[in-house]
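The next block holds one structure in the form of structure tokens; read it before the comments.
Values quoted throughout were computed directly from the atomic coordinates according to the rules given, and no laboratory measurement underlies them. None of these values were measured; they are calculated from a predicted model. Here the Cβ positions follow ideal geometry from the backbone for every residue, glycine too, while neighbour counts run over all protein chains shown.
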Ligand SMILES: Nc1ncnc2c1ncn2[C@@H]1O[C@H](COP(=O)(O)OP(=O)(O)OP(=O)(O)O)[C@@H](O)[C@H]1O
Ligand SMILES: [Mg+2]
């Protein structure tokens, strides 16, 4: 579903951000992406949603290859993904409903379908009664739920989340994380970058660890009974 | 209403001053264009009216045989440039002069006016070059004593008309470019004010066309509104001229609609140019 093959990424001024990164994420998997600041987590996620292109190697997402990707393919690729950030990225001048509806309007969904779909999505993230509120009237955790509802709008095959709990307190973190697990349980793959090692340890999910642009650990390759110390 | 239209209209609400400014600048550009167009239109109309009266008159020598003049008339009528040609006998010339100069008709009692062939040219052949060519051909009959066609003023009028058309085009084009630049920069500001929103649109899978659409609609709407305002201003100016000076012709309904359309096109062009440039590096 997501395949990185010997991916290298260099930025114009800061140089090498990723080198020789290869991994594969299956349909419906939940994968943590960890590593110190500057290790390249966000870069990997940006490569997935085609915000950046690899300098060398290939990124393949939902059968779309970075090697043949055209500018006009980016929109359709992103409609298959749900993207979430630490800073929520909601439109402040629109209420919760409008923020979620936005993702549907952008894809040209029929107007008659948008209302019911938004209501369903808000119910799914536990915000059924906050549809009329504006983002600034909500807590951080609630705002992130709005962003998740928006990410789910187009039935994505995968959720890409860059430190979605980075701005949240413990309680809200647990809530958002549980929501992502629930979404994952319905078959949507989730790739989540995080600094929260507690969360990673507790959850027992597959983990990719980066250090200085290199993939240093993939828990999927630690087969049970393998001779690890 | 679609998202694009709502966005475009929101842009007005979000920046009412900026929107008003760009509408008025477009309006003033088109107003100047309109005023000049009106001048050109009126000159043009006056010219056509005068040209309709452009007439070549060939004076015939005394004692020209009626058969000769009748044959010449037939020839001249067959010229491709000629709409009509009439033989005016010396008697008819006298009658006409009397009628035209009413109270002075005694003067003509004894006078003898020459017979002539009066020639009306077809539209499109009334410019100096054609008129002169026709006159030259008629001069070749040896019983034709003189050919008159108001040589100088025909030429002068044409010079004025050409100059005014040229000036109108140059000025109109300049103003159109200014308007494109102005709307381009207001759209640029609108794009920059909405970078965040555009980034989010992109994240949720909006195509470039979708992102661009509200800006294009916004530009076209502002342009059309500017065009409408310009039309109103031009009409007012025309009314004022009508009151204090002379009755001037105004654009007909088709030209008026074309003016509004031109405004929309300028707005659309300006925003397309600007949005295209700025979205590429967002
Ligand atoms: N847009 C960019 N232009 C230039 N260099 C960049 C850009 N984005 C990231 N980098 C560089 O790439 C490297 C990896 O950055 P990245 O943001 O992927 O790290 P990260 O693991 O997400 O860090 P953090 O945990 O702090 O978010 C860093 O050295 C950074 O300076
Ligand atoms: Mg990061």
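Observations, loosely collected:
- Kirkwood hydrodynamic radius over Cα pairs of the protein assembly as shown, then Stokes diffusion coefficient at 37 °C and 0.692 mPa s, in µm²/s: 110 µm²/s
- Modelled label reach - residue A:76, point 7 Å along Cα→Cβ, the range A:132-161 residues with backbone N closer than 19 Å: A:154-158
- Between residue B:280 and residue B:5, the distance separating the two model label sites (each 7 Å from Cα on the Cα→Cβ line) works out to 3.2 nm.
- Computed on the range B:55-148, the Cα convex hull volume stands at 96 Å³ per residue.
- Max mean-square fluctuation residue, GNM over chain A, Cα-Cα springs under 10 Å, options A:201, A:80, A:60: A:201
- In nm, spacing of pseudo-spin labels at residue B:17 and residue B:73 (7 Å Cα→C-beta vector): 7.8 nm
- Mean separation of Cα contacts under 8 Å (6+ apart) over length of chain B, as relative contact order %: 30 percent
- Pairs of alpha carbons in chain A separated by more than 33 Å make up 17% of all such pairs.
- Residue-averaged [θ]222 nm for chain A, counting only DSSP H segments that reach four residues, each worth -39500 (n - 2.57): -10000 deg cm²/dmol
- Surface/4 of the Cα convex hull for chain B, nm²: 21.8 nm²
- Averaging 1/r over each pair of different alpha-carbon atoms in the range B:50-91 and inverting the result gives 11.6 Å, the Kirkwood hydrodynamic radius.
- Computed per residue of chain B from DSSP H runs no shorter than four, each worth -39500 (n - 2.57), the mean residue ellipticity at 222 nm is -25000 deg cm²/dmol.
- Alpha-carbon centroids, the range B:113-134 and the range A:31-79: separation in whole Å: 79 Å
- Folded to 0 to 90 degrees: helix A:111-124 orientation relative to chain A principal axis, Cα: 70 degrees
- Taking other C-beta atoms within 10 Å as the exposure proxy, A:87, A:162, A:155 rank A:155, A:87, A:162 from fewest upward.
- Rounded Å value of the spacing that divides the Cα centres of the range B:147-206 and the range B:29-89: 36 Å
- DSSP finds beta bridges in chain A, and of those with both partners inside it, around 50 percent are antiparallel.
- Sorted ascending by nearby beta carbons within 10 Å, beginning with the fewest, A:42, A:129 become A:129, A:42.
- Chain A: relative contact order in percent, alpha carbon pairs under 8 Å with at least 6 residues between: 29 percent
- Quick note on the range A:1-90: its Rg to Rh ratio, both from C-alpha atoms and Rh being the Kirkwood radius, is 0.94.
- Of A:156, A:12, A:164, the one that fluctuates the most in a GNM where chain A has Cα springs shorter than 10 Å: A:12
- Alpha-carbon centroids, the range B:217-273 and the range A:175-211: separation in whole Å: 61 Å
- The range B:55-148: relative contact order in percent, alpha carbon pairs under 8 Å with at least 6 residues between: 47 percent
- Remark: spin-label model distance residue B:244-residue B:98 equals 4.9 nm, labels positioned 7 Å along the Cα→Cβ axis.
- Ranking of B:268, B:87 by neighbouring Cβ atoms within 10 Å, starting from the fewest: B:87, B:268.
- Calculated log₁₀ intensity ratio I(q)/I(0) where the Debye formula runs over C-alpha points of the range B:144-282, q = 0.16 Å⁻¹: -0.92
- Diagonalising the gyration tensor over the Cα atoms of the range A:90-155 and scaling each eigenvalue by 5 before taking the square root yields semi-axes of 18, 12, 10 Å, largest first.
- Peptides B:214-222, B:56-64, B:167-175 ordered by packing proxy, namely the average of other Cβ atoms within 10 Å per residue, highest first: B:214-222, B:56-64, B:167-175.
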